[in-house]
Every structure is written in structure tokens, then in C-alpha cells.
Amino acid sequence: LEGRSFKLSYYNEYKSYLSNMTITLGYWGIRGRGEAARLILRFSGAEWEDKIYASPAEYGAFKASTDMAFPNLPYLIDGDVKMSETVAILRYLGRKFDLFPSNADAWRVEMIEQVFVDWVAAFYKIAFDKANFEESSAKFKEGLGAKLDKLGGFIGERKWIAGDKLTYVDFLAFELLSVIQMFSPDSHNKVVDDYLARFAALGPIKKWLESDERKQRAFHVLPPNYAAWSGAPN
């Protein structure tokens, strides 16, 4: 019994040690595919490092030295967990910080997650297409109203995507829809606007949005040297 008690005590201490370790999120100095994860970490109140890579050479040095299975940006390091891929990181943080849906609501979250992934891919294709930007962006904006109306119908009278429970996909939604509103300020749906306002009013999110740190950070949505539309720095 004494041996078992010692092992249990050691295990609990190890769990406490891991939970108190600083999480590292690595990404470029833009919002891009890393901002939703940053929002979750800011909301969580956890200790974390926002590791910003200023150049491909700097990231290349990390990539050459890391033992991460599939190094890429963004990446997340949390104790023994060393992972990449945007949605996988969001899901991991959702589980870690109780931002994961119940089994009954998981289908809604997983489905809209993939809808948002498609929206991001379509938007990035336009944003990086310097040769055809004017034409392709006009077509995107023409169809945006219908997309937002469909999303508004999906949200309905729910507080969040999964109902009363805030989940990781709400952070993905807020970042994506905020960028879309920046890109097309005249595209609106009342249900979606109200949903975004509720999210922006969450204590830690509101604190971040109004902070001097955010104002001084001046991150573009996408890299201005490569994108036809990079978004105004925030």
C-alpha cells in the first residue's frame, strides 16, 4: 500500500508539473492560421509563450533541430506534446481547457469546423492571387451574404455553436468572421453580428481586444509582402 500510495503521489505531482508548464505556440508574426489558438490561450489564463518567427531562416533553424514528428507552423508544445496542424491544435486546446462539445453536440461543432476550413481555404486563395484579385474578390463578396445568412440560420437562437457551451470552434469562428468583416465591411447578418458581439464581450477576450499590447502588436492578417490583401494591422 505504501508503494502504491507513493506512485499515486508521484503521478499527481507529475500531472501538476505538466499543467503548470508554459505552453509554447509558434507561428509567424501575422494573425493567419495562428490567431484562433492564440485567442484560446488568452481566454484560458494559462501561462504561454507566443513564439514569433521573423524569417524563414529562423523557422528553418527550429525545424532542423526539433524532434517534432511533422514540424510546421503553427505548432504547439505542451510538456511532452509537440504537435502541428491548425485544427488539431485547436481540438487539443479545446480538450485541455474544457472547450470541447458534448457527444450530443459534437456533430455541429465538427461539421461547422470543416465548413470554416473550406471558407479559409477559399479566402486565402483569393487573398494571395495578385493577378486576379479584383475579379475573384468581387465574386467572393457577391456570395458572402448568402454564406452569412446560412451561418446565421445554423446558429439560430443558440448562444454558441454548440448551444450554451463555448467550444474551440467559436474561437475559430470569431477570428475568421472578424477577418471577413474587415475584408467586406458591408456584408452582415444580424444573428452572426450578435454572435460576434457576445464573443467579443467575454471577459478575457474583451480585455485583449482593448489592450495596449494588441494595439502595439500591429499584426497583419496575412503577410503583406506576399498577399494581394493582407488586412490592416491590428
At R0 = 30 Å the Cβ-Cβ FRET efficiency linking SER184 and GLU58, nearest 0.05, sits at 0.35
Mean-square fluctuation check for the chain, GNM, Cα pairs under 10 Å: which of LEU99, LEU144, LEU172 is largest? LEU144
When the solvent-accessible surface of protein heavy atoms is calculated with a 1.4 angstrom probe, in what order do VAL115, VAL192 fall, highest first? VAL115, VAL192
Taking protein heavy atoms only, a 1.4 Å probe, and rounding to whole percent, the accessible area of the chain owed to carbon and sulfur comes out at 54 percent
Apply the a/c threshold of 1.5 to the C-alpha gyration tensor of region 72-152 and tell me whether it is rounded, prolate or oblate. oblate
Reduced to Cα centres, the span from region 111-146 to region 33-59 in Å works out to 25 Å
How do PHE43, PHE133, PHE70 rank by accessible surface area computed with a 1.4 Å probe, from largest to smallest? PHE70, PHE43, PHE133
Ranked by accessible surface with a 1.4 Å probe, highest first, in what order do MET182, MET68, MET111 come? MET111, MET182, MET68
Pairs to check: LYS82/LYS141; LYS165/LYS190; LYS130/LYS159. Give those whose C-alpha atoms are more than 29 Å from each other in this structure. LYS82/LYS141; LYS130/LYS159
Counting heavy atoms of the protein chains only and a 1.4 Å probe, report the per residue accessible area for the chain as a whole number of Å². 55 Å²
Shape verdict for the chain, please, from the Cα gyration tensor: rounded (a/c under 1.5), prolate (a/b greater than b/c) or oblate. oblate
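The values are calculated or read from the model by the stated rules, or taken from the named source; none is laboratory data. The structure presented is a predicted model; accordingly, all values stated were derived computationally and were not measured. With ideal geometry, Cβ positions are generated from the backbone for all residues, glycine too; neighbour counts draw on all protein chains shown. Protein only, heavy atoms only, side chains kept; ligands, DNA and RNA dropped before computing areas. Shrake-Rupley method; radii C 1.70, N 1.55, O 1.52, S 1.80 Å.
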